[in-house]
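Everything on this sheet refers to the single structure shown next.
The values are calculated or read from the model by the stated rules, or taken from the named source; none is laboratory data. Keep in mind that this is a model prediction, so the values were computed, not measured. We place every Cβ from the backbone using ideal geometry, glycine too, and count neighbours over all the protein chains shown. These accessible areas exclude ligands, DNA and RNA; they are computed on the full protein's heavy atoms, side chains included. Shrake-Rupley method; radii C 1.70, N 1.55, O 1.52, S 1.80 Å.
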Amino acid sequence: MSRVAVSAGKLFREAVFSSKPLQLVGAVNAYSAILAEKTGFKALYLSGSGVAASSFGLPDLGITNLGDVVEDVRRITQASKLPLLVDVDTGFGGALGIARTIKELERAGAAGCHIEDQVVAKRCGHRPGKEIVSTEEMVDRIRSAVNARTDPDFVIMARTDALANEGIASAIERCKAYIAAGADMLFPEALTELQQYKKFSEELPDIPILANITEFGKTPLFTKEELSSVGVSIVLYPLSAFRAMSAAALSVYKTILEDGTQKNSVPIMQPREELYKYLDYHKFEQQIDELFSQSKEKK
């Protein structure tokens with residue numbers, strides 16, 4: 001009897017409901033995804049800011065498009081078996097554009113996505129000057145996404161940036177409307193106090209809530225235990241590894257330029273054999289050797 005493959009969305013949901021809470025780490029490329037998977041994480045995240053910065057050298061100001069994001073999604077899902085949650089900003093268009101976004105993400109192997117209630121000319125969620133659309137417009141975005149999915153387990157997560165502009169009461173009322181429109185999970189952005197997460201979880205029971213614990217932002221670096229105690233189901237670290245990678249790369253570049261050699265940077269580098277281990281390099285090499293051996297035998 002053949003086994004039916006479990007969808008990426010189903011795997012993500014299982015990871016959320018079996019974890020207390022789920023630690024969700026960002027991977028900006030395929031190799032980062034491999035490292036996270038082999039470290040022991042249960043799910044991955046692709047940040048829109050990460051796509052913009054790492055793949056295009058651009059700021060997170062809505063400059064990249066659906067094709068840019070989907071290409072990185074494909075690379076990550078082909079390299080890792082972990083379910084991937086994807087940041088799609090405001091959805092990349094109106095109702096039909098959002099529908100296309102969902103279909104492209106499903107085809108690329110994503111487990112789900114989050115859509116936000118900022119205007120199309122969006123900003124980073126932890127920067128000033130954010131503007132948000134009406135509740136009705138965001139509800140339409142959610143409905144378009146829900147109606148477009150072919151896998152009922154594909155996760156539609158609603159992100160709200162309303163706290164900064166309208167306060168917590170309005171943000172919660174918005175989220176209630178987003179859930180009624182079909183959103184599966186919630187992402188209240190840029191909260192500043194643990195009690196705010198508790199308020200969301202109390203007002204929206206049984207709905208998984210994500211806490212974005214990004215560095216250098218509005219939200220303090222709460223621990224997973226602290227967040228679990230106030231009802232958070234998912235703790236997101238969207239760019240932690242990317243920031244560390246970038247700092248390490250900058251240090252190496254400066255050392256080479258200033259010292260004329262990389263010798264002093266070697267201790268912080270990943271050894272060749274460790275790279276080979278994570279890539280299963282020797283397994284691929286063995287396959288090549290076997291193919292060459294078979295070719296020689298036929299001659």
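A few notes on this one:
- Heavy-atom SASA rank of His114, His282 (probe 1.4 Å, accessible area, largest first): His282, His114
- Overall form of region 139-295 per C-alpha gyration tensor (a/c, 1.5; a/b vs b/c): oblate
- Per-residue 3J(HN,Hα) values for region 45-62, derived from phi via the Karplus relation 6.51 cos²θ - 1.76 cosθ + 1.60 with θ = phi - 60°, read 9, 10, 7, x, 5, x, 4, 4, 6, 7, 8, 10, x, 10, x, 7, 9, x Hz in sequence order (x marks Gly and Pro).
- With the helix formula -39500 (n - 2.57) applied to DSSP H stretches of n ≥ 4, the chain reaches a computed 222 nm mean residue ellipticity of -15000 deg cm²/dmol.
- Once you reduce region 197-211 and region 93-110 to the center of their Cα atoms, the two points are 27 Å from each other.
- Qualifying aspartates and glutamates (Cα of each under 16 Å from Cα of Lys10; at least 8 residues distant if same chain): Glu106, Asp151, Asp153, Asp184
- Crossing angle, helix 95-108 versus the chain [Cα axis fit, 0-90 degrees, rounded to tens]: 30 degrees
- Net dipole in debye of the chain [+1 Lys, Arg Cβ; -1 Asp, Glu Cβ; about Cα centre; nearest 20]: 700 debye
- With all protein chains in place and ligands, DNA and RNA left out, the 1.4 Å accessible area ranks Lys218, Lys122 as Lys218, Lys122, largest first.
- The aspartates and glutamates within cross-link reach of Lys277, meaning a Cα-to-Cα straight distance under 16 Å and a gap of 8 or more places when in the same chain, are Glu37, Glu285.
- Cβ-Cβ FRET estimate between Phe17 and Ala180, R0 fixed at 25 Å, reported to 0.05: 0.75
- With each label modelled as a point 7 angstrom along the Cα→C-beta vector, the Arg107-Leu58 pair spans 2.1 nm.
- Qualifying chymotrypsin sites (Phe, Trp or Tyr not before Pro) in region 193-248, where qualification requires a DSSP coil assignment and no more than 15 other C-beta atoms within 10 Å, comprise Phe216.
- Using the Cβ-Cβ distance between Ile268 and Arg100 with R0 = 35 Å, the FRET efficiency computed as 1/(1 + (r/R0)^6) comes to roughly 0.25.
- Fully extending the segment from Val119 to Lys81 would add 10.3 nm, taking 0.36 nm per residue of separation and subtracting the current Cα-Cα distance.
- Restricting region 1-84 to chymotrypsin sites (Phe, Trp or Tyr not before Pro) in coil, as DSSP defines it, with at most 16 other Cβ within 10 Å: none
- Pairs spanning more than 29 Å between alpha-carbon atoms, out of Lys224/Lys263; Lys42/Lys218; Lys122/Lys199; Lys42/Lys283; Lys103/Lys283; Lys103/Lys176: Lys224/Lys263; Lys103/Lys283.
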